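Engineer: My questions all concern the structure below.
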Amino acid sequence: MKSNILQKTPVAALLALFCSALWGSAFPCVKIGYELFGIDKASTPSIILFAGVRFFIAGIMVIIIGSIMRKKPLVPKPAEIPKVMLLSLFQTILQYLFFYIGLANTSGVKSSVIEGMSVFVCILVSALIFRLEKLTIAKIAGCILGTAGIIAINLDSSLVSDINFTGDGFILISTVAYAISSVLIKRFSADTDTMMLSGWQFLFGGTVMSIIGLLLGGRFEYGNIGVEAVLMLMYLAFISACAYSIWSLLLKYNPVSKIAVFGFMNPVCGVLLSAVLLGETEQAFRLESAAALVLISAGIFIVNRFNERSDT
């Protein structure tokens, strides 16, 4: 797709929402995947191993598709290998290692709210540290509305429970790692193939996570793995491969804030799709969910409505 098409707000919005829908489907599908592979949800090493295999396969998918599209092997040049490794460190290894360990030590509600803050952190890192764009009142207002929406959809008494470093702290570190990875994609994609970056960082990160999971004692119940389990793992890998590749292209041709703000839709899509796939209708169909959708939509509108005007 040509860059001028990806810079059009309606096109960027549709593609970003498509990515959010894919990532949202990962919430229930990962749970289903744990059951199909016989993974104990309390076994963090097995979960890390599962994630590592998923990202490794995602990397293979992107590399194969990218090679077909480019009509040549999608291989990084020697000078590009450090970029791949640095991006993988933040986007896959640190983000997901700290996320899964943190998730094992805090509630899913609190982790969702903290993860939702990644949009705010992403915009702050882009504007204040890397100086890629201006930090405006509209962007701050949009982030506040989006964060309020995530809090609304996750409104629960566990939000005010005790804070702990290995739980809430690790989720926060995961959020910061994601924010840094988004800015790195924006910077590296200026002179580097985004599909190459996406594919090889997944391959490298998935390998590292798989090794860490195995060393920590992670394992699968291989005797119970059937066709459904393999298909679910392939779909989860496809989610990562497709969503991150599209997201990387959007970040390449648009301001970070314009795209990152759509990340607020991830937990909303996750709740709605969990209701469909897991039958968890109690949280999805209630007043708080409708309020969350309104707040997040307002935040996205404000950031995109004033983004072009503030960055010109």
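The values are calculated or read from the model by the stated rules, or taken from the named source; none is laboratory data. Since the structure is predicted, the reported quantities are computational estimates derived from the model, not experimental observations. Because the Cβ atoms are built from the backbone with ideal geometry, glycine has one as well, and the counts that use them run over all protein chains shown. Just so you know, the surface numbers come from the protein's heavy atoms only, side chains and all, with ligands and any DNA or RNA stripped out. Shrake-Rupley method; radii C 1.70, N 1.55, O 1.52, S 1.80 Å.
Engineer: Check off (1) in a helix (DSSP H, G or I); (2) over 22 Å from the mean Cα position of the chain (by Cα) for A275 and give me the number that stays unchecked.
Structural biologist: (2)
Engineer: Considering region 14-73 alone, what residues qualify as being free of Cβ contacts under 8 Å to residues at least 60 places away in the same chain and surrounded by 15 or more Cβ atoms within 10 Å (Cβ to Cβ)?
Structural biologist: Y34, S67
Engineer: Does any residue of region 56-66 turn out to be part of a helix (DSSP H, G or I) and more than 22 Å from L236 (Cβ to Cβ)?
Structural biologist: Keep residues of region 56-66 that are part of a helix (DSSP H, G or I), which gives 56-66.
From the residues that got through so far, the ones that are more than 22 Å from L236 (Cβ to Cβ) too are none.
The answer is no; no qualifying residue exists.
Engineer: Also: State yes or no: is P76 outside any helix (DSSP H, G or I), modelled with pLDDT of 90 or more and either of a type outside the set (D, E) or more than 19 Å from the chain's Cα centre (by Cα) (or both)?
Structural biologist: Numbers: outside any helix (DSSP H, G or I): yes; modelled with pLDDT of 90 or more: yes; either of a type outside the set (D, E) or more than 19 Å from the chain's Cα centre (by Cα) (or both): yes.
Answer is yes for this residue.
Conditions tested, residue by residue: (1) at pLDDT 80 or above; (2) within 24 Å of R54 (Cβ to Cβ); (3) open to solvent by less than 30 Å² (accessible area, probe 1.4 Å); (4) of a type in the set (V, I, T).
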position	(1), (2), (3), (4)
Y244	yes, yes, yes, no
V256	yes, no, yes, yes
V268	no, yes, yes, yes
L273	no, yes, no, no
A291	no, no, no, no
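Engineer: Another question, then. Regarding region 209-224, can at least one residue be identified that is of a type outside the set (G, A, S) and buried (at least 19 other Cβ atoms within 10 Å of the Cβ)? Reasoning before the result, please.
Structural biologist: Going residue by residue through region 209-224, those that are of a type outside the set (G, A, S) are 209, 211-212, 214-216, 219-222, 224.
Next, only the ones that are buried (at least 19 other Cβ atoms within 10 Å of the Cβ) stay: 209.
Yes, region 209-224 has at least one match.
Engineer: Considering only residues that are in contact (Cβ under 8 Å) with a residue 24 or more places away in the chain and assigned to a loop (DSSP other than H, G, I, E, B), which ones fall in region 1-13?
Structural biologist: Filtering region 1-13 down to residues in contact (Cβ under 8 Å) with a residue 24 or more places away in the chain leaves 1, 3, 6-7, 9, 12-13.
Residues satisfying the conditions are M1, Q7.
Engineer: Kindly state which helices (runs of 4 or more DSSP H) lie completely within region 99-201 and contain at least 1 residues that are at pLDDT 85 or above, within 25 Å of V30 (Cα to Cα) and within 14 Å of the chain's Cα centre (by Cα). Talk me through it step by step, then tell me what you get.
Structural biologist: Numbers: elements: 108-116, 118-124, 137-153, 170-188.
Output list reads 170-188.
Engineer: Is it the case that V84 is of a type outside the set (K, R), assigned to a helix (DSSP H, G or I), open to solvent by less than 20 Å² (accessible area, probe 1.4 Å) and within 24 Å of T207 (Cβ to Cβ)? Please lay out each step first, then the result.
Structural biologist: Working: of a type outside the set (K, R): yes; assigned to a helix (DSSP H, G or I): yes; open to solvent by less than 20 Å² (accessible area, probe 1.4 Å): yes; within 24 Å of T207 (Cβ to Cβ): yes.
Judged against the criteria, V84 is a match.
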